[in-house]
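Colleague: Before I ask anything, here is the structure I am working with.
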Amino acid sequence: MIYHIDITPRLFHFKQPAGTSRGVYLTRKSWMVEITSQQLPGRKGVGECAPLPDLSTDFRPDYEAVLRQWCDRMEQEGEGVLDEMQAWPSMRFGLETALLHLQRGTTALFDTPFARGEVGIPINGLVWMGSHDEMLKRVEEKLQQGFHCIKLKVGAIDFEQELDLVKRIRERFAPAEMEIRLDANGGFKTDEALDKLERFAQYAIHSIEQPIKQHQWGNMAKLCRDAPLPIALDEELIGINTYDMKLYMLNVVKPAYIILKPSLHGGMKGVREWVQAANEKGVKTWITSALESNVGLNAICHLTADIYGEHINMPQGLGTGQLFTDNIPMPLAIEGEKMWYGKE
């Protein structure tokens, strides 16, 4: 046996309901994997496998049983098994994280200026869906915390109210002072999307994420071509596992941005492939978490720092570590609009 791997389910509770156009999250279930090796006595590595219901390709009723099968193989065959797990992204990401943690002996998974506490990673302030007044209050809180880039979840409440919220923000802050990103999570109807994007565009929006549901490449390509604001893809990337298909999709749809989540988009290796493919096609990228606990978030932060280097100018989506009442402590801290490592 090369490794020994234990699996522990863990249920996290949101401080406040997390609303998206797909529904409202009150709890979040993850499976923690703990890996040890006789070759590294006294060490252990911990990773988080956190699929999203109704979204992750590997979410299924027997998730833990399938994860156990992959762990059994990895115990006997080693890390080469990870190369066969493209279609199991959340499991792959958890095992990749645990293996790096074991090998390095620290939660600083890569040797970067971020891991040494020398630089912080700029992040956006995330504003969850709610009533108009609730969202306006959350925007005010993000502004007071020092954020110059906010991401608004849209597509669930009345469109006119969402538009009014964006208008109010823009009346107070010029584009040079506040970057506004929108995330529709596929919430707009295809025949209404372009009109809505045109109305949002008058307020100098940085980008809108996944305006219509995925798997409509023709319609999405038309939106990317005709819309007066840049479109970013997220859900659209799920389930595209080979490098050639990644290049093909980017060539067909031609988005301005893609947004990468290791738990959804092939684990750490899959994200690196997406970044490489995007660079080849002239598409810009950023990385975000997918409602993981601090264990997953920490891994994503270190992966981001390793991919982009010390000069990260584009805000990343890494501000979800304060969502849970019962999170797992990690040496991560948000100061102003930057994420730092090595600070409690």
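The values are calculated or read from the model by the stated rules, or taken from the named source; none is laboratory data. Fair warning: this is a prediction, and the values are worked out from it, not measured in the lab. Every residue, glycine as well, gets a Cβ built from its backbone with ideal geometry; the counts of neighbours run over all protein chains shown. Note: accessible area is taken over every heavy atom of the protein model, side chains too, but ligands, DNA and RNA are not part of it. Shrake-Rupley method; radii C 1.70, N 1.55, O 1.52, S 1.80 Å.
Colleague: Within the range 171-196, restricting attention to residues that are touching a strand residue (DSSP E or B) at 6+ places or on another chain (Cβ under 8 Å) and either farther than 27 Å from L260 by Cα or of a type in the set (D, E) (or both), which residue is surrounded by the most Cβ atoms within 10 Å (Cβ to Cβ)?
Modeller: Here the residue is D183.
Colleague: I'd like the full set of residues that are surrounded by fewer than 18 Cβ atoms within 10 Å (Cβ to Cβ) and part of a helix (DSSP H, G or I), limited to the range 197-229.
Modeller: E198, R199, A201, W217, G218, N219, A221, K222, R225, D226
Colleague: Check R28 against each of (1) out of contact with any helix residue (DSSP H, G or I) (no Cβ under 7 Å at 6 or more places or on another chain); (2) part of a loop (DSSP other than H, G, I, E, B); (3) at pLDDT below 95 and name the one condition it does not meet.
Modeller: It is condition (2) that R28 fails.
Colleague: Cβ-Cβ distance below 9 Å, separation of 6 or more or different chains: which pairs start in the range 60-82 with a residue that is in contact (Cβ under 8 Å) with a residue 40 or more places away in the chain and more than 10 Å from I2 (Cα to Cα) and end on one that is part of a helix (DSSP H, G or I) and open to solvent by 80 Å² or more (accessible area, probe 1.4 Å)?
Modeller: Taking only residues 6 or more apart or on different chains, the pairs are L82/K269.
Colleague: Being of a type in the set (S, T, N, Q) and surrounded by 14 or more Cβ atoms within 10 Å (Cβ to Cβ) is the filter here; which residues of the range 61-97 pass it?
Modeller: Listed by number, the residues that qualify are Q86, S90, T97.
Colleague: If you check every pair at least six apart or on different chains, which have Cβ atoms under 6 Å apart with a residue in the range 97-114 that is in contact (Cβ under 8 Å) with a residue 60 or more places away in the chain and part of a loop (DSSP other than H, G, I, E, B) first and a residue that is of a type in the set (V, I, T) and surrounded by fewer than 20 Cβ atoms within 10 Å (Cβ to Cβ) second?
Modeller: Between residues of the range 97-114 that are in contact (Cβ under 8 Å) with a residue 60 or more places away in the chain and part of a loop (DSSP other than H, G, I, E, B) and residues that are of a type in the set (V, I, T) and surrounded by fewer than 20 Cβ atoms within 10 Å (Cβ to Cβ), the close pairs are P113/V119.
Colleague: Determine whether Q16 is open to solvent by 60 Å² or more (accessible area, probe 1.4 Å) and in contact (Cβ under 8 Å) with a residue 60 or more places away in the chain.
Modeller: Answer is yes for this residue.
Colleague: Which of the helices (runs of 4 or more DSSP H) found entirely inside the range 230-343 contain at least 2 residues meeting this: open to solvent by 10 Å² or more (accessible area, probe 1.4 Å) and among the aromatic types (F, W, Y)? I'd like the intermediate steps shown before the answer.
Modeller: Working: elements: 243-253, 267-281, 294-308.
Fully inside the range 230-343 and qualifying: 243-253.
Colleague: Condition test on D58, is it assigned to a loop (DSSP other than H, G, I, E, B), open to solvent by less than 70 Å² (accessible area, probe 1.4 Å) and of a type outside the set (F, W, Y)?
Modeller: Yes, satisfied.
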